[in-house]
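See structure below.
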Amino acid sequence: MLSDQELLQLIRNDQIAAFEELYHRYWESMYNAAYKRLRNREQCKDLLQDIFADLWKRKNVVSIDNVSGFLHMAVHYQVYKLVGKQASGPAFLELFDRMAASPYAADSRLEEKEFLQVVKAWVNAMPEKRREIFQL
């Protein structure tokens, strides 16, 4: 079985089989992470398709040290983006609480830093008045 880094190198060389292996290796855990937050099968599938399509498109540009962490953070970012467009108030706060309690969210310094970056990005994406209220 190839390591994630070996698969990434093959993907950079346009090896579709390596991309499919990476996809199958992480799809279920990514789907479960997204579903815990969105509770919508179709949104989760679309979200994952977008993440993997973007990975393929940027395969020669992106540098990934931890594939699992990268893909799961991509799920978090996409969920935030989606929720930011659709929800506000209590719906987001419930989602935020679940993400903060996620095993991928803040159980190490690096993951905590990444999680805080996600929160800052979400806050910065808010309309000015909502951002002021949220920060208060």
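The values are calculated or read from the model by the stated rules, or taken from the named source; none is laboratory data. Everything numeric here is computed off the predicted structure, so don't read it as measured data. Neighbour counts run over all protein chains shown; Cβ positions are idealised from the backbone, glycine included. Remember, those area values only see protein heavy atoms, side chains included, never the ligands or the DNA or RNA. Shrake-Rupley method; radii C 1.70, N 1.55, O 1.52, S 1.80 Å.
Here are some conditions: (1) open to solvent by 100 Å² or more (accessible area, probe 1.4 Å); (2) modelled with pLDDT under 70. PRO103 meets all but one. Which one does it not meet?
Answer for PRO103: the failing condition is (1).
If ASP14 satisfies every condition in (1) on the phi > 0 side of the Ramachandran plot; (2) touching a helix residue (DSSP H, G or I) at 6+ places or on another chain (Cβ under 7 Å) but one, which is the exception?
Of (1) on the phi > 0 side of the Ramachandran plot; (2) touching a helix residue (DSSP H, G or I) at 6+ places or on another chain (Cβ under 7 Å), only one is false for ASP14: (2).
Condition first: in contact (Cβ under 8 Å) with a residue 12 or more places away in the chain and either open to solvent by less than 90 Å² (accessible area, probe 1.4 Å) or under 26 Å from GLN15 (Cα atoms) (or both). Now tell me which residues in region 35-53 satisfy that.
Residues satisfying the conditions are ARG37, LEU38, GLN43, CYS44, LYS45, LEU47, LEU48, ASP50, ILE51, PHE52.
Among the candidates MET73, MET30, MET1, which residue alone is within 26 Å of VAL123 (Cβ to Cβ) and either acidic (Asp, Glu) or at pLDDT below 95 (or both)?
MET73
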